[in-house]
Amino acid sequence: MSASHALPRVLVTGGAGYVGAVLVPHLLRAGYAVRVLDTYVYGEAPLAAVRSHAQLEEVHGDLRDDDAVRRSLAGCDAVIHLACISNDPSCELDPELSRSVNYDCFEPLLRQCVAAGVRRFVFASSSSLYGVTDAPQVTEEHPRHPLTLYNTFKGMCEDVLWRYQATGFTTVSVRPATICGRSPRQRLDLTVNILTAHAVERGVITVFGGSQQRPNLHMADIVDLYQRMLELPDADIAGEAFNAGYQNDTVARIAAIVKQVVEREMPERGPIRVETTESNDPRSYRINTDKIRTRLGFVPQHTIEDAVRDLIAAFRAGELPGALDDPIYNNVKQMKAVQLR
């Protein structure tokens with residue numbers, strides 16, 4: 001299959017992260033040659049299952065290291081840029097570090113891509129850049145009102161990205177909802193995932209607030225979308241941003257779904273209790289995905305329920321020891337543990 005790919009060699013920055021650890025094997029199975037650039041803050045294990053694959057290369061390096069970036073880009077046709085200090089609390093932990101990784105090195109990366117002859121650049125942005133809004137239909141044209149450093153830097157990077165769009169260098173931004181589900185580099189600090197972990201491990205789900213809207217997207221759907229972004233014609237995506245999400249639900253509704261699935265799949269856990277407490281988290285938004293559906297034909301196939309079942313399978317397989325205590329499952333805790341600089 002690889003011979004038919006127009007962009008056969010792909011660099012995935014952050015390829016050992018939560019999404020990358022699922023995306024890289026997915027692309028290898030699809031016949032792509034994949035190179036990963038990552039600092040491996042979360043260890044070597046996420047890519048262990050494909051480490052011996054003939055079409056995989058790994059570069060242990062930092063986006064802020066021009067030489068490491070240059071080596072990583074050599075011979076690549078496309079880049080899927082996932083690497084960043086991910087999520088709001090992680091960025092707030094060290095604002096200087098966050099700016100250096102999430103923004104300052106972005107334009108140098110783009111310049112090196114152009115110099116290396118890369119033909120397509122897929123940017124993993126975030127639907128959180130719209131900020132808090134009561135608008136019932138948050139389309140890609142909705143004003144950006146970022147509340148945190150994380151989504152501020154995502155928006156700033158998009159502004160830079162559009163300046164580099166050109167014939168021969170196609171740029172596109174994907175604005176995903178909150179990803180949920182299973183990964184070799186499991187995160188349990190995301191809404192669906194952490195509620196499931198608490199239900200399985202404690203038998204109690206704690207909901208902070210509950211009325212906040214959260215758009216969600218299953219891991220399998222986001223990796224499918226990133227592959228499509230390598231294969232779509234330039235004219236369909238050049239210089240465009242696309243919201244990517246599926247179910248817009250309140251946190252309280254997500255908790256109810258988790259409770260129902262865990263009780264059904266793990267009856268030995270007994271009734272799962274839901275406790276609600278106050279929250280000072282103002283983030284609430286829902287996204288409209290008409291554009292990606294009508295223009296690209298992208299319709300997610302997996303639900304929150306599917307993600308919960310996948311996570312239950314991971315617990316049953318013994319893949320998540322110390323789920324509520326080990327910092328490896330939590331970005332902020334792991335950053336503190338390794339003293340990331």
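The values are calculated or read from the model by the stated rules, or taken from the named source; none is laboratory data. No experiment lies behind these values; they were computed from the predicted model shown. Every residue, glycine as well, gets a Cβ built from its backbone with ideal geometry; the counts of neighbours run over all protein chains shown.
Yes or no, residue by residue, for (1) surrounded by fewer than 19 Cβ atoms within 10 Å (Cβ to Cβ); (2) at positive phi; (3) assigned to a strand (DSSP E or B); (4) in contact (Cβ under 8 Å) with a residue 40 or more places away in the chain:
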site: Ser173; (1), (2), (3), (4): no, no, yes, yes
site: Leu188; (1), (2), (3), (4): no, no, no, yes
site: Leu195; (1), (2), (3), (4): no, no, no, yes
site: Val200; (1), (2), (3), (4): no, no, no, yes
site: Thr206; (1), (2), (3), (4): yes, no, yes, yes
site: Arg214; (1), (2), (3), (4): no, no, yes, yes
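Taking the stated definitions as given, is Phe121 aromatic (Phe, Trp, Tyr) and more than 22 Å from the chain's Cα centre (by Cα)? Here the answer is no, as Phe121 does not meet what is asked. Scanning the stretch 275-291 for residues that are out of contact with any Asp or Glu (no Cβ under 9 Å at 6 or more places or on another chain) and modelled with pLDDT of 95 or more yields Thr289, Asp290.
How about the stretch 156-171: which of its residues are outside any loop (DSSP other than H, G, I, E, B) and in contact with a Ser or Thr (Cβ under 8 Å, 6 or more places away or on another chain)?
Here is the first cut: in the stretch 156-171, the ones outside any loop (DSSP other than H, G, I, E, B) are 156-164, 166, 169-171.
Result: Cys157, Glu158, Leu161, Trp162, Tyr164.
In the stretch 316-341, the residues that are on the phi > 0 side of the Ramachandran plot form no Cβ pair under 7 Å with any partner that is modelled with pLDDT of 95 or more and exposed (fewer than 14 other Cβ atoms within 10 Å of the Cβ), whether six or more places apart or across chains.
Beta carbons closer than 7 Å, at least 6 apart along the sequence or on distinct chains, pair a first residue in the stretch 260-277 that is among the β-branched types (Val, Ile, Thr) with a second that is assigned to a strand (DSSP E or B) and surrounded by 15 or more Cβ atoms within 10 Å (Cβ to Cβ) for Ile272/Ile205; Val274/Ile205; Val274/Val207; Thr276/Val207. Scanning the stretch 169-187 for residues that are of a type in the set (S, T, N, Q) and under 19 Å from Ser90 (Cα atoms) gives Thr178, Gln186. Here Val274, Val299 are screened, and the one residue that is among the hydrophobic types (A, V, I, L, M, F, W, C) and assigned to a loop (DSSP other than H, G, I, E, B) is Val299. Just one of the numbered conditions (1) surrounded by fewer than 19 Cβ atoms within 10 Å (Cβ to Cβ); (2) out of contact with any Ser or Thr (no Cβ under 7 Å at 6 or more places or on another chain) is not true of Pro46: (1). For the stretch 86-112, a residue qualifies if it is of a type in the set (A, V, I, L, M, F, W, C) and closer than 16 Å to Gly15 by Cβ, and the qualifying residues are Val101, Leu109.
Residue-level analysis places Thr139 among those that are hydroxyl-bearing (Ser, Thr, Tyr), surrounded by fewer than 22 Cβ atoms within 10 Å (Cβ to Cβ) and touching a helix residue (DSSP H, G or I) at 6+ places or on another chain (Cβ under 8 Å).
Scanning the stretch 250-264 turns up no residue that is closer than 22 Å to Glu141 by Cα and either hydroxyl-bearing (Ser, Thr, Tyr) or out of contact with any helix residue (DSSP H, G or I) (no Cβ under 6 Å at 6 or more places or on another chain) (or both).
Can you tell me which residues in the stretch 1-46 are assigned to a strand (DSSP E or B), of a type outside the set (A, V, I, L, M, F, W, C) and touching a Leu at 6+ places or on another chain (Cβ under 7 Å)?
Thr13, Arg35, listed by residue number.
Can you work out which of the residues in the stretch 217-266 that are part of a strand (DSSP E or B) and modelled with pLDDT of 95 or more is farthest from the chain's Cα centre (by Cα)?
At the first step, the residues of the stretch 217-266 found to be part of a strand (DSSP E or B) are 217-218, 240-244, 247-250.
In the following step, the residues that additionally are modelled with pLDDT of 95 or more were identified as 217-218, 240-244.
Details: Leu217: 10, His218: 10, Glu240: 18, Ala241: 16, Phe242: 14, Asn243: 13, Ala244: 11 Å.
The extreme case among them is Glu240.
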